[in-house]
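Below is one structure; the comments refer to it alone.
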Amino acid sequence: MNTRIAASALALMGSTASAQDLASTLPEAVSKVAPALEAYSTDALFGTVWNADSLSLRDRALVTFAAKVTRHEVDDLAAYTALALDAGVTAPELSEAITHLAFYTGCGNATAAAVAMAPVYEDRGIASADLPGPNPDLLPLNEEAEAARQTMVQGNFGETSQGVVDYTEAYLFRNLWLRPDLAPRDRSMITVAALIAAGQPEQMTFHLNRAMDNGLTQDEAGGMLAHLAFYAGWPRVFSALPVAKDVFASRSK
């Protein structure tokens, strides 16, 4: 895909994505090599999926961004950074997103994402001083829930790798998840998106429940799965569907 999306084209989308404008992200080579792919992208993905009511345009842009980072698809990440900014995701939120995803998809993916995003930030006059620093005032911790989580992990894995248990508590749940510049709902949403994009549905039960506790609705979660089928592939989404089905069923009791 092209490495830029015109801000004027995306700014006009408001709450509805223009298939024609989104189609401009496809390089001309697609029509020359795979005209059917061009048609599916324009009609199904850009014309239908991006406009489905189950998920807002902002959330779709953030979920797509998370999938791209997870899959190390940095060649077109500048375009999707611009798309996310124009769809209402703030620069601090994207900064927090790659910081968060470093822990869930690997530091290399997040570092490569930062390199791809830097020209977009520079073009828009976004400086490091405008972005969240390393030591913000953290959100309140649910001590009871964290104690239960830590006890479970310690009991299951303390004898296997105490380092993993300790680092998970210190760096993730008592720090990263409490950083205020990305809402808990959005942290959970991009975590679930990353797990789906990485083909790791076995980790989804905890995080999808947490996402819904943080405000993600069942309709939005279902919409995210449908959206990611196009960006992560049908097999990975179908591997995630049984987990989502069980989570939804357990919460409806």
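The values are calculated or read from the model by the stated rules, or taken from the named source; none is laboratory data. Predicted model only: the values in this text are computed from it and were never measured. With ideal geometry, Cβ positions are generated from the backbone for all residues, glycine too; neighbour counts draw on all protein chains shown. Just so you know, the surface numbers come from the protein's heavy atoms only, side chains and all, with ligands and any DNA or RNA stripped out. Shrake-Rupley method; radii C 1.70, N 1.55, O 1.52, S 1.80 Å.
Using a probe of 1.4 angstrom and keeping all protein chains present, the accessible surface of the chain works out to 48 square angstrom per residue.
Couplings 3J(HN,Hα) for the stretch 239-253, derived from phi with the Karplus relation 6.51 cos²θ - 1.76 cosθ + 1.60 (θ = phi - 60°), are 5, 7, 4, x, 5, 4, 4, 5, 4, 4, 5, 5, 7, 8, 6 Hz, where x marks Gly and Pro.
Summary value for the stretch 97-253: 21 percent relative contact order, contacts being C-alpha pairs under 8 angstrom separated by 6+ residues.
Just round it to a whole percent: the fraction of Cα-Cα distances in the stretch 157-221 exceeding 20 Å. All intermediate terms of the calculation are to be shown ahead of the outcome.
Numbers: 733 of 2080 pairs.
Tail fraction, whole percent: 35.
One entry in (1) 31, 22, 16; (2) 51, 21, 16; (3) 32, 18, 16 is semi-axes √(5λ) of the Cα gyration tensor in Å calculated from the shown coordinates; its label is (1).
If we sort 103-115, 196-208, 157-169 on the protection proxy, mean other Cβ atoms within 10 Å, highest first, what's the order?
196-208, 103-115, 157-169
Protein heavy-atom surface of the chain, 1.4 angstrom probe: 55% of the accessible area is carbon and sulfur, with nucleic acids and ligands not counted. Give the lysines reachable from K253 as a straight Cα distance under 29 Å; neighbours fewer than 8 places away on the same chain don't count. Once the sequence-local lysines are set aside, what remains near K253 is K245.
Ordered by packing density, taken as the mean number of other Cβ atoms within 10 Å over each peptide's residues, highest first, how do 85-93, 29-37 rank? Numbers along the way, then the final one.
Details: 85-93: 20.0, 29-37: 11.2.
Most protected by this proxy first, the peptides run 85-93, 29-37.
Charges were assigned to the Cβ only: +1 to each Lys and Arg, -1 to each Asp and Glu. The resulting dipole of the stretch 138-253 about its Cα centre is roughly 300 debye. Residue by residue, the stretch 125-141 carries 3J(HN,Hα) couplings of x, 8, 9, 4, 5, 8, 10, x, x, x, 10, x, 6, 6, 5, x, 9 Hz when phi is fed to the Karplus relation 6.51 cos²θ - 1.76 cosθ + 1.60 (θ = phi - 60°); x denotes Gly or Pro.
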